[in-house]
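Shown next, in structure tokens, is the structure this report addresses.
The values are calculated or read from the model by the stated rules, or taken from the named source; none is laboratory data. Every value quoted in this text rests on a predicted model; they were computed, and no experiment measured them. Don't worry about glycine lacking a Cβ; one is built from the backbone with ideal geometry, like all the others, and counts go over all protein chains shown. In case anyone asks, the SASA skips ligands and DNA or RNA and just uses the protein heavy atoms, side chains included. Shrake-Rupley method; radii C 1.70, N 1.55, O 1.52, S 1.80 Å.
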Amino acid sequence: MADRLSPRGKVLGITAQVPLARALALVVELGIADRISQAPTTAAELAGELGQHPDALYRLLRMLAAEHIFKEDDEGRFDHTASSRVLTTDAEDSVAPLLSLAWQDIVWATYLEMPHTIATGEPAFDKAHGQAFFDYLSAHPEANALFDAAMALISGPEDAAVAQAFDYGQFTKIVDVGGGQGGLLAAILTHHPDSKGVLFDQPQVLAEPRYLTGPLMDRCELIAGDFFHSLPAGADVYVLKRIIHDWDDAAAIQILRNCAAAMGSNGRVLIAETVMKPGNEPDPSKAQDVGMMLLTRGRERTADEYRQLLDVAGLQLIEIHPAAVTVSLLEAGAKIAP
Ligand SMILES: C[S@@+](CC[C@H](N)C(=O)[O-])C[C@H]1O[C@@H](n2cnc3c(N)ncnc32)[C@H](O)[C@@H]1O
């Protein structure tokens, strides 16, 4: 479809997405999708209930309906389409947490500082918010909660796929490095009843590992620490999901070196990340890569870039296992002497 547009149409079409993107966040913020789930409603009724301007709200919803997000009937009532249902908070595939206006404000303020990143290579986030991304989250619990909710939305569906993409059962002890709330470790331990796990993360994150409950905790240790310093020694597998892409090469190599130093002689490092297609090949992770560059010092990488990173860290890429739509599992082990 996009290929049939004129060059001018294609470029202007991208710019025209801005009001749509902002409108989606506002619709979630106002709870419009949840309200429409109760019954199809006119913009005037919605505006009355929500204290908004009727004509302005109508025009916002009309714009979205033109993209098949909500649909308007002959009486002016807006109802759901498949695409508007994901804006409800209780949909199984809800995107609502990612679109919360407060979170989007933090991200959009960062986008405004894109020229800073392109001129200096430094994260726009730091200029917009006066602090590095993870420092800001530590200092702002509300923002941290929004980030956690957005991460859970992306990360949650990946956990089961990553837990099944590799035979963890052949190994005894698995460390989830920067494992957050323990979703991936819980999925791995559930699939592999003989395995034991370590959830390794910063102390404030380990206070309440939401997913490691009940009997799973009998096979699991929580260890707080700094992955730039050292990791629990002697385990068989060190899993890093959505960790390496948060960091520049020097920092990523330090984390991987610490995995190599900590693991047993036949150990494995498993990196769960998007593997970016090289060159001109279309790939949504190229936009995600720019997002990482603006927010953190991170980057998405191609298979060759991961191979090189592992090599410098004293590791060797063994195999890339497809896992979820969003991530693959890069399996690495100690370098074998030639
Ligand atoms: C993007 S989240 C990924 C969480 C989880 N692996 C997932 O896929 O949902 C990054 C995680 O790294 C942790 N982290 C950041 N810096 C760390 C450090 N220096 N040492 C240990 N963990 C750290 C954060 O607390 C957070 O849980």
Restricting the stretch 199-218 to residues that are of a type in the set (A, V, I, L, M, F, W, C) and away from the ligand (no atom under 12 Å from the Cβ), the one surrounded by the most Cβ atoms within 10 Å (Cβ to Cβ) turns out to be Leu212
Please state which one of Glu331, Glu273 is surrounded by 15 or more Cβ atoms within 10 Å (Cβ to Cβ) and more than 30 Å from Met114 (Cα to Cα).
Glu331
Of the conditions (1) touching a helix residue (DSSP H, G or I) at 6+ places or on another chain (Cβ under 9 Å); (2) more than 14 Å from Ile69 (Cα to Cα); (3) open to solvent by 30 Å² or more (accessible area, probe 1.4 Å), the single one that Thr41 does not satisfy is (3)
What are the pairs with Cβ atoms under 6 angstrom where one residue, in the stretch 168-190, is in the same structural domain as Ile243 (by TED's automatic domain parsing) and open to solvent by less than 10 Å² (accessible area, probe 1.4 Å) and the other, located anywhere, is within 13 Å of the ligand (Cβ to nearest atom) and of a type in the set (Lys, Arg)? Sequence gap at least six, or different chains.
Leu184/Lys241
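One line per residue, one yes/no per condition, for (1) out of contact with any Pro (no Cβ under 7 Å at 6 or more places or on another chain); (2) surrounded by 13 or more Cβ atoms within 10 Å (Cβ to Cβ); (3) in the same structural domain as Leu20 (by TED's automatic domain parsing):
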site: Gly51; (1), (2), (3): yes, no, yes
site: Leu57; (1), (2), (3): yes, yes, yes
site: Phe78; (1), (2), (3): no, yes, yes
site: Arg85; (1), (2), (3): yes, yes, yes
Search result, residues across the stretch 108-150 that are among the polar types (S, T, N, Q) and surrounded by 18 or more Cβ atoms within 10 Å (Cβ to Cβ)
Thr110, Thr117
Restricting attention to the stretch 149-167, the residues that are more than 17 Å from Thr213 (Cβ to Cβ) and either within 13 Å of the ligand (Cβ to nearest atom) or out of contact with any Asp or Glu (no Cβ under 9 Å at 6 or more places or on another chain) (or both) number exactly 13
Looking at (1) under 29 Å from His192 (Cβ atoms); (2) assigned to a loop (DSSP other than H, G, I, E, B); (3) open to solvent by less than 60 Å² (accessible area, probe 1.4 Å); (4) within 16 Å of the ligand (Cβ to nearest atom), find the lone condition where Gly298 falls short.
(1)
Can you tell me which of (1) assigned by TED's automatic domain parsing to the domain that holds Val290; (2) within 15 Å of the ligand (Cβ to nearest atom); (3) in contact with a helix residue (DSSP H, G or I) (Cβ under 9 Å, 6 or more places away or on another chain); (4) closer than 30 Å to Ala109 by Cα is the one Pro141 doesn't meet?
(3)
Those residues that are touching a Leu at 6+ places or on another chain (Cβ under 9 Å) and open to solvent by 20 Å² or more (accessible area, probe 1.4 Å), I need them from the stretch 221-240; list them, please.
Glu221, Leu222, Ile223, Ala224, Gly225, Phe227
